[in-house]
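Sharing a structure here in structure tokens format.
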Amino acid sequence: SGGVDSMSENGLWDKLSKGMGAMWEAQRHEDRYSTGIPDVSYSMKYHGWIELKFLKSPPVNADTAMRIKHYTSDQKNWITRHGKRAGLCWILIQVGEVFMLFDWTKARLVGELSFEEHLTLANKYWEGRINFNELSVILNSPIRAV
């Protein structure tokens, strides 16, 4: 990705990997050849994937869609296709001091809504810091196709 966004995404990865600690085995992926593969794979009770995104702050105008740079249709498609199979594909977004987690069924809506709508859509969100015990329960809970 390059630039400030990827540096901040790296910061999010550091928080995530330190916070989850021994609760999981995780691997960061930087795949230049396969498009759409999420940033992190993990193994706990189940095996899953997490796409990490970072925004410095919400849009100034409350009605403006929270566009996420480098969140591509390839990524949305990968998350949706693999999520349908196993139910364990997530998008974790840090917006300033707020952390929002979305399951694969919401992959296409992420980045299309306002900040407040994202809070409503999120499976879970945390202000200030992630509750890693809550996160570990969610990451072990497959979301099945309806």
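Just name the residue that is modelled with the lowest pLDDT out of those in segment 18-48 that are of a type in the set (S, T, N, Q) and open to solvent by 40 Å² or more (accessible area, probe 1.4 Å).
My answer is S34.
Take the residues in segment 49-78 that are farther than 18 Å from K15 by Cα and either touching a residue at least 60 places away in the same chain (Cβ under 8 Å) or among the aliphatic types (A, V, I, L, M) (or both); name whichever of them is surrounded by the fewest Cβ atoms within 10 Å (Cβ to Cβ).
Filtering segment 49-78 for residues that are farther than 18 Å from K15 by Cα and either touching a residue at least 60 places away in the same chain (Cβ under 8 Å) or among the aliphatic types (A, V, I, L, M) (or both), the one surrounded by the fewest Cβ atoms within 10 Å (Cβ to Cβ) comes out as V60.
In addition: Working carefully through the options K124, K84, find the one that is surrounded by fewer than 18 Cβ atoms within 10 Å (Cβ to Cβ) and touching a residue at least 60 places away in the same chain (Cβ under 8 Å).
Values: K124 fails: touching a residue at least 60 places away in the same chain (Cβ under 8 Å).
Just one listed residue meets the conditions, K84.
Follow-up. Could you grab me the full set of residues in segment 55-80 that are basic (K, R) and within 25 Å of R32 (Cβ to Cβ)? First the steps, then the outcome.
If we filter segment 55-80 for residues that are basic (K, R), which is where we start, we get 56, 67, 69, 76.
Within segment 55-80, R67, K69, K76 meet the criteria.
Can you name the residue in segment 130-145 that is touching a residue at least 40 places away in the same chain (Cβ under 8 Å) and in a loop (DSSP other than H, G, I, E, B) and, of all such residues, is most open to solvent (accessible area, probe 1.4 Å)?
R144
Here are the criteria: (1) hydroxyl-bearing (S, T, Y); (2) assigned to a helix (DSSP H, G or I); (3) under 11 Å from the mean Cα position of the chain (by Cα). Tell me which single one T80 does not satisfy.
Every condition holds for T80 apart from (3).
Same structure, new question: Taking E51 and the conditions (1) part of a loop (DSSP other than H, G, I, E, B); (2) closer than 20 Å to L16 by Cα, which numbered condition does it fall short on, given that it satisfies the others?
Only one criterion is unmet by E51, namely (1).
Does I91 satisfy the condition of being touching a Pro at 6+ places or on another chain (Cβ under 7 Å) and either in a loop (DSSP other than H, G, I, E, B) or among the aliphatic types (A, V, I, L, M) (or both)?
no
Which members of segment 98-121 meet the condition of being buried (at least 16 other Cβ atoms within 10 Å of the Cβ), out of contact with any helix residue (DSSP H, G or I) (no Cβ under 9 Å at 6 or more places or on another chain) and of a type in the set (S, T, Y)?
S114
The values are calculated or read from the model by the stated rules, or taken from the named source; none is laboratory data. Everything numeric here is computed off the predicted structure, so don't read it as measured data. Because the Cβ atoms are built from the backbone with ideal geometry, glycine has one as well, and the counts that use them run over all protein chains shown. When the accessible area is computed, the model is the full protein with side chains, heavy atoms only, and any ligands, DNA or RNA have been set aside. Shrake-Rupley method; radii C 1.70, N 1.55, O 1.52, S 1.80 Å.
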